[in-house]
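Peer 1: My questions will all concern the structure given below.
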Amino acid sequence: MTSWLTTDAPHHQGAPKPIVQVHDLRKRYGTLQAVDGVSFEITEGEVFGILGPNGAGKTTTLEMIEGMRTIDSGTAIVDGVDVAKDPRGVKARIGIQLQASSFFDELNLLELLELFGHLYGRRVDAKELLVDVELSEKARSQVRTLSGGQKQRFSIAAALVNDPRVLFLDEPTTGLDPQARRHLWGLVRQIRDRGHTVVLTTHYLEEAEELCDRVAIMDGGKIVALDQPLALIDALLARGFTKERVERLANLEDVFIDLTGHTLRED
Amino acid sequence: MRWVVYWSLFVASFKMFVRNRAALFFSLFVPLLIMLIFGVLNFGGSTTVTLGVVDEANTTGSHALVTALGHVTTFDLHPGTHDAELAQLKEGHRDLVLVIPAGYELKVPTAGSPGLVAYGNQSKPEQARVGGLLLNAIVGQMLAGGGAGPLVAVQDLPGRSLGYIDFLVPGILGLTLMQLGLFSVSFGFVQLKRTGALRRLFATPTSPAYFLAAQVTSRLIIGLTQVFVLLGVGLWFGLHLVGSIVLLLGISLLGSIIFLAIGFGIAGWAKNEDQAAPLANLVSLPMTFLSGVFFSRDAMPAFLRTITDYLPLTYLNHALRSVVNDGVGVGAIAGDLLGMAIWAAIAFLIAVRLFKWE
């Protein structure tokens, strides 16, 4: 597990081609313009982060691309399929982890994964999927008996049943302790290394810095910045930005991890 | 239509129901418990009807009738005067009082000749009903034996001794189908809605209609299984099942559709269990007591009976009871079936209007 944190995963190079193309996407709820003209492209094989404070429009943007929410105006094309015209076609090509993922209580993990496989018209190797997310020993348990981190890992396994071209994760680490969060980062890198494109939302900035190849920062329904994390930081520094207090070489989270270790606590 | 998708959702719906202890408890165990309780209380042996007999005719014929009644084990016979016996009835010591008026002759009643009168105790409607049926049967039998020609209306009664179980089982069948439709759907479905499990399902390319179809068909199968189980237990308690099983299943299916549609209407409208529960109870409670599940509706005030005649469970119970007790065919319950079909259509339209996936 710990090796995932220290090993820097190889990045996919070569001719980049857009797998998600979003153009001038808009969504209004009553008087609130939740998403206000968002455009971006996501390259195949990258981990793309959407950052922003609560209410910035991250989830709404994600759900319009996924075909989970209707689009007021603008277009979103995923793997060549226009979401507005064929939402089911898009859903068949992607994997979705919802912010508050919930599953049928009375079915165990194996049964759930097999069921979800059928919903995509596929016969899945549920055991193999559980091995991938390190939940083999919970195969016959119900979701409600899992810890927070295990639930999120299961939810990712369920989003992988159709071997998706793009995996959408909506705040996958919210509410997890630092150990479980780091563990999930490792899982996301593994998924990326297998060639899946990953789109995630988060409000943990160090998570974005750690995981994402590129990030879009949203505020008030608009994208206010979009680049590689380091490029964004360099641009800020180039504008003459200085911190009031010089950053130490370690922070409190490093102390926490040092004291409590990387081992997952799942009870 | 992709059958694999439907089938996997059907199996999942079925498993979810069978593994949900609360659902099983309320839809299978509670009706069985009610039957067991009434079974132990009421029909360890045959039902006894306390019958007061007032013989004001005092003829050979009336004596013969009283003697014949005395041979019926179901009757606990109490001869007495008119006023004394009616007083006993008011005190609750008689279920039924038979008055043989002066000048009565044991023959087919003609216009103007005094006929037999029986007073039933309104607080013991089942005994009064069973006693009334028996009286008619015996008198009919005696008249037929006397060469006066058979009374068609009572021809099928001789030999049958209807007890409370015969009244109760069809009522419990109706009640169970109503509870299954209303509660298992409204609670289970609203829970899926509230937790987001339903939403997760729609993150897949499968149409929600598959899930709805799987839920409905799995509930229908569970409902029909319950009909078999309850009839089996009823037979063990001495139920006289004279009607067609196929017809019973058909009626049960139609009844289930009404209550499933109402259940989905509630589930579709409600945001959480707190909204669904009162509404489901509001629909089910009046019918539990006013649609003839436990008590005969004959005991109800006329205006209440008129209103409740049109309740879906009243139609369902009446149809089930007619088939179980009297073995009637489709023709005799056409009115009930029509009433149920209209309710099914209304409930379906309301469900479609109210239904929201999120």
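Peer 1: Can you find a residue in the range B:193-216 that is aliphatic (A, V, I, L, M), surrounded by 20 or more Cβ atoms within 10 Å (Cβ to Cβ), in contact with a Pro (Cβ under 8 Å, 6 or more places away or on another chain) and away from every other protein chain (no Cβ under 12 Å)?
Peer 2: no
Peer 1: Just give me the residues in the range A:213-222 being in contact with a helix residue (DSSP H, G or I) (Cβ under 6 Å, 6 or more places away or on another chain) and either of a type in the set (Phe, Trp, Tyr) or farther than 19 Å from A:Ile71 by Cα (or both), in sequence order.
Peer 2: Taking the range A:213-222 and keeping what is in contact with a helix residue (DSSP H, G or I) (Cβ under 6 Å, 6 or more places away or on another chain), we get A:215, A:218.
A:Val215 - this is the single residue of the range A:213-222 that is in contact with a helix residue (DSSP H, G or I) (Cβ under 6 Å, 6 or more places away or on another chain) and either of a type in the set (Phe, Trp, Tyr) or farther than 19 Å from A:Ile71 by Cα (or both).
Conditions tested, residue by residue: (1) assigned to a strand (DSSP E or B); (2) small (Gly, Ala, Ser); (3) closer than 20 Å to A:Gly49 by Cβ.
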position: A:Ala225; (1), (2), (3): yes, yes, yes
position: A:Leu230; (1), (2), (3): no, no, yes
position: A:Leu236; (1), (2), (3): no, no, yes
position: A:Gly240; (1), (2), (3): no, yes, no
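Peer 1: I've got another one for you. For the range B:4-49, name all the residues that are at pLDDT below 80, under 20 Å from A:Asn108 (Cβ atoms) and not in a helix (DSSP H, G or I).
Peer 2: Within the range B:4-49, no residue meets the criteria.
Peer 1: Follow-up. How about the range A:102-139: which of its residues are within 18 Å of A:Pro164 (Cα to Cα) and outside any helix (DSSP H, G or I)?
Peer 2: Matches in the range A:102-139: A:Tyr120, A:Gly121, A:Arg122, A:Arg123, A:Val124, A:Asp125, A:Val133.
Peer 1: Now for a separate question. Kindly check whether there is at least one residue in the range A:152-170 that is within 14 Å of another protein chain (Cβ to nearest Cβ) and at positive phi.
Peer 2: Step one: list which residues in the range A:152-170 are within 14 Å of another protein chain (Cβ to nearest Cβ), which gives A:152, A:154-170.
Filter once more, keeping what is at positive phi: A:163.
Yes: one or more hits.
Peer 1: Within the range B:189-198, can one find any residue that is touching a residue at least 24 places away in the same chain (Cβ under 8 Å) and not in a helix (DSSP H, G or I)? Let's see the steps before the verdict.
Peer 2: Let us first name the residues in the range B:189-198 that are touching a residue at least 24 places away in the same chain (Cβ under 8 Å), namely B:189-191, B:193-194, B:198.
After this cut, where a residue has to be not in a helix (DSSP H, G or I) as well, the list is none.
No, the range B:189-198 contains no residue that is touching a residue at least 24 places away in the same chain (Cβ under 8 Å) and not in a helix (DSSP H, G or I).
So that you can scan it fast, the table gives a plain yes or no per residue for (1) outside any strand (DSSP E or B); (2) touching a helix residue (DSSP H, G or I) at 6+ places or on another chain (Cβ under 6 Å):
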site	(1), (2)
A:Gly49	no, yes
A:Thr61	yes, no
A:Met68	yes, no
A:Ile71	yes, yes
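Condition check ((1) away from every other protein chain (no Cβ under 14 Å); (2) touching a residue at least 24 places away in the same chain (Cβ under 8 Å); (3) of a type in the set (Gly, Ala, Ser); (4) touching a Gly at 6+ places or on another chain (Cβ under 8 Å)) across all residues:
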{"position": "B:Ala12", "(1), (2), (3), (4)": "no, yes, yes, no"}
{"position": "B:Thr60", "(1), (2), (3), (4)": "yes, no, no, no"}
{"position": "B:Glu85", "(1), (2), (3), (4)": "yes, yes, no, yes"}
{"position": "B:Leu98", "(1), (2), (3), (4)": "yes, yes, no, yes"}
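Peer 1: Pull up the range A:79-110, narrow it to residues that are over 22 Å from the mean Cα position of the chain (by Cα) and within 7 Å of chain B (Cβ to nearest Cβ), then point me to the one that is surrounded by the most Cβ atoms within 10 Å (Cβ to Cβ).
Peer 2: Once the filter is applied, the top-ranked residue is A:Phe104.
Peer 1: Evaluate the range A:185-196: report whether one residue or more is within 14 Å of the chain's Cα centre (by Cα), within 26 Å of A:Ala231 (Cβ to Cβ) and not in a helix (DSSP H, G or I).
Peer 2: Checked the range A:185-196: at least one residue is within 14 Å of the chain's Cα centre (by Cα), within 26 Å of A:Ala231 (Cβ to Cβ) and not in a helix (DSSP H, G or I).
Peer 1: Condition first: in a helix (DSSP H, G or I), touching a residue at least 40 places away in the same chain (Cβ under 8 Å) and of a type in the set (Val, Ile, Thr). Now tell me which residues in the range B:226-246 satisfy that. Lay out the reasoning, then the answer.
Peer 2: Going residue by residue through the range B:226-246, those that are in a helix (DSSP H, G or I) are B:226-236, B:245-246.
Keeping just the survivors that are touching a residue at least 40 places away in the same chain (Cβ under 8 Å) gives B:226-227, B:229-231, B:233-234.
Listed by number, the residues that qualify are B:Val227, B:Val229, B:Val233.
Peer 1: Separate question: Could you grab me the full set of residues in the range A:113-134 that are surrounded by 21 or more Cβ atoms within 10 Å (Cβ to Cβ) and either in contact with a Phe, Trp or Tyr (Cβ under 6 Å, 6 or more places away or on another chain) or more than 14 Å from chain B (Cβ to nearest Cβ) (or both)?
Peer 2: The answer is A:Leu129, A:Val133.
Peer 1: Please enumerate the residues belonging to the range B:309-327 that are on the phi < 0 side of the Ramachandran plot and at pLDDT below 90. Break it down into steps so the answer makes sense when it comes.
Peer 2: Step one: filter the range B:309-327 for residues on the phi < 0 side of the Ramachandran plot, giving B:309-326.
The answer is B:Asn325, B:Asp326.
Peer 1: Any idea which residue in the range A:221-254 is modelled with the lowest pLDDT, counting only those that are among the basic types (Lys, Arg) and over 25 Å from the mean Cα position of the chain (by Cα)?
Peer 2: First, the residues of the range A:221-254 that are among the basic types (Lys, Arg): A:222, A:239, A:243, A:245, A:248.
Among the residues that remain, those that are also over 25 Å from the mean Cα position of the chain (by Cα) are: A:239, A:243, A:245, A:248.
Working: A:Arg239: 86, A:Lys243: 76, A:Arg245: 70, A:Arg248: 74.
My answer is A:Arg245.
The values are calculated or read from the model by the stated rules, or taken from the named source; none is laboratory data. Values in this document were obtained by computation on a predicted structure and should not be read as measured data. Backbone-built Cβ (ideal geometry, glycine too); neighbour counts: all protein chains shown.
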